[in-house]
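Data block below; observations after.
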Amino acid sequence: MREIVLINITGEDRAGLTAAVVGVLAQAGVSILDIDQAVIHGVSALSIVVAIDDSARAQSLRADVSSAAEQLDQQAQFKPLSEADYRRWVEAQKTERHIVTLLSRQVTGEQLQRVSALTAEQGLSIERIERLSLPISLGAPPGNGCLEFTVRGEPSDSAALRAEFLRVAGELNIDIAFQADSLLRRHRRLAVFDMDSTLIEAEVIDELAKAAGVGEKVSEITERAMRGELDFRASFKERLALLKGLDVSVLDEIGASLRLTEGAEKLFAELKRLGYKTAILSGGFTYFAKQLQAKLGIDYVFANELAVVDGKVTGVAVEPIVDAQRKADLLRELAQKEGLQLEQTIAVGDGANDLPMLAIAGLGVAFRAKPLVKQSAKQAISTLGLDGVLYLLGVRDGQR
């Protein structure tokens with residue numbers, strides 16, 4: 001009579017451990033139905049499910065495995081499984097999987113408890129938790145922290161789960177992402193970005209306005225537009241008109257003062273290594289976007305032209321204006337040009353004018369965004385820098 005047995009081997013990790021245990025199983029001629037191994041801080045946990053065709057050999061196999069484990073200072077435990085239990089387990093493996101990603105400057109027990117409790121309330125079972133960030137040295141300042149949960153099942157209410165994740169993220173100053181565990185998650189190939197307040201820590205039009213002596217007025221319009229209270233196209237023309245007569249000599253000064261957002265250089269270096277095409281789709285100005293293109297090695301730039309006559313800004317918009325709809329259209333065009341599905345694209349932005357492109361991208365990320373944008377986008381990152389996007393792709397720190 002056939003027996004199905006779960007074998008658990010635990011103890012201090014040792015070279016040759018897996019080979020020794022599996023060697024015993026090979027000699028016994030058993031079938032391997034499942035296997036998993038993890039090593040945490042030098043402690044190994046090896047689990048193997050085997051099918052033993054002759055139950056009379058099961059006892060001797062237990063003794064042989066126990067002996068091999070004992071020689072390597074390991075503990076061996078055996079749990080018989082009924083065929084009915086095994087069949088139920090096999091069926092469960094066909095269930096949909098999702099990825100929950102917890103992003104934090106420093107992961108705490110409370111964060112872990114809240115996230116795991118929310119998944120349980122929605123009927124999701126945690127199968128695996130992995131750390132994607134590098135360990136933080138004791139006494140060192142907080143850095144990037146990321147845990148990735150693989151969960152099984154479908155949430156009973158996806159909208160409610162997302163709302164709860166957003167609420168808890170705000171309470172604990174963390175970010176929580178929820179995605180389908182699909183093949184495309186790790187095989188996206190085009191990433192597009194807003195520029196102002198996304199790739200750089202400024203709204204360039206506001207900096208130009210300060211130089212023109214109309215900074216406060218333009219900043220107020222910019223803020224309302226980014227919150228979605230004003231139409232971007234109309235507000236852009238209104239702000240641009242206030243810059244009429246600005247001397248172009250200030251452009252180089254402003255360009256030199258612009259600071260890249262935290263994590264931008266790491267993100268683009270990694271995306272390039274992974275074979276991504278990248279683009280700036282910005283309601284800002286080409287003059288400054290080209291500088292970023294050279295600095296970060298970006299493939300495409302689409303932004304607004306700053307019209308100049310006789311060394312002075314005209315204050316007149318040059319069509320076509322890169323507004324919300326134009327950004328979404330450009331994302332579609334670039335995906336088609338690269339031979340990609342939209343599901344293989346990433347879009348990152350902070351303002352209301354980014355929402356259409358965030359909505360159609362396979363991975364749309366609201367980055368340090370206004371409340372309306374954060375609530376509307378598929379995913380949001382507010383705690384970490386731009387390199388936090390890599391965690392949503394399943395990229396582990398130091399993975400080379």
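Overview of results
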| quantity | calculated |
| --- | --- |
| Probe 1.4 Å - accessible area at Ser82, Å² to nearest ten | 50 |
| Cα pair count fraction exceeding 23 Å, expressed as % - the range 3-91 | 20 |
| Percent RCO, i.e. relative contact order, over the chain, from Cα pairs under 8 Å lying at least 6 residues apart | 15 |
| Rounded to the nearest 20 debye, dipole of the chain from Cβ charges on Lys, Arg, Asp, Glu | 420 |
| Most fluctuating residue given options Asp175, Asp206, Asp310, as computed from a GNM of the chain linking Cα atoms under 10 Å | Asp310 |
| Sequence of Asp323, Asp350 when ordered by accessible area, the most exposed leading, probe 1.4 angstrom | Asp323, Asp350 |
| Ratio Rg/Rh, restricted to the range 96-181 and using Cα atoms, in which Rh is the Kirkwood radius | 0.98 |
| Beta bridge orientation in the chain: antiparallel %, DSSP, nearest 5 | 70 |
| Solvent-accessible area per residue, Å², over the chain with all protein chains present [probe radius 1.4 Å] | 47 |
| Rounded to the nearest 10 Å², the accessible area of Arg167 at probe 1.4 Å | 100 |
| Share antiparallel - DSSP beta bridges, the range 278-400, percent rounded to 5 | 20 |
| Helix-derived mean residue ellipticity, 222 nm - over the chain, DSSP H n ≥ 4, -39500 (n - 2.57), to 500 | -11500 deg cm²/dmol |
| Dimensionless Rg/Rh of the chain - Kirkwood Rh, Rg from C-alpha atoms | 1.11 |
| Percent RCO, i.e. relative contact order, over the range 82-216, from Cα pairs under 8 Å lying at least 6 residues apart | 29 |
| Given Lys266/Lys337; Lys327/Lys370; Lys277/Lys312; Lys266/Lys378; Lys94/Lys337, the pairs whose alpha carbons are separated by over 30 Å | Lys277/Lys312; Lys94/Lys337 |
| Average Cα contact separation per residue, the range 210-303, under 8 Å, 6 or more apart, as relative contact order % | 20 |
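The values are calculated or read from the model by the stated rules, or taken from the named source; none is laboratory data. A quick note: this is a predicted structure, and the numbers were derived from the prediction, not measured. We place every Cβ from the backbone using ideal geometry, glycine too, and count neighbours over all the protein chains shown. Side chains are part of the model used for accessible areas, which takes the heavy atoms of the whole protein and leaves out ligands, DNA and RNA. Shrake-Rupley method; radii C 1.70, N 1.55, O 1.52, S 1.80 Å.
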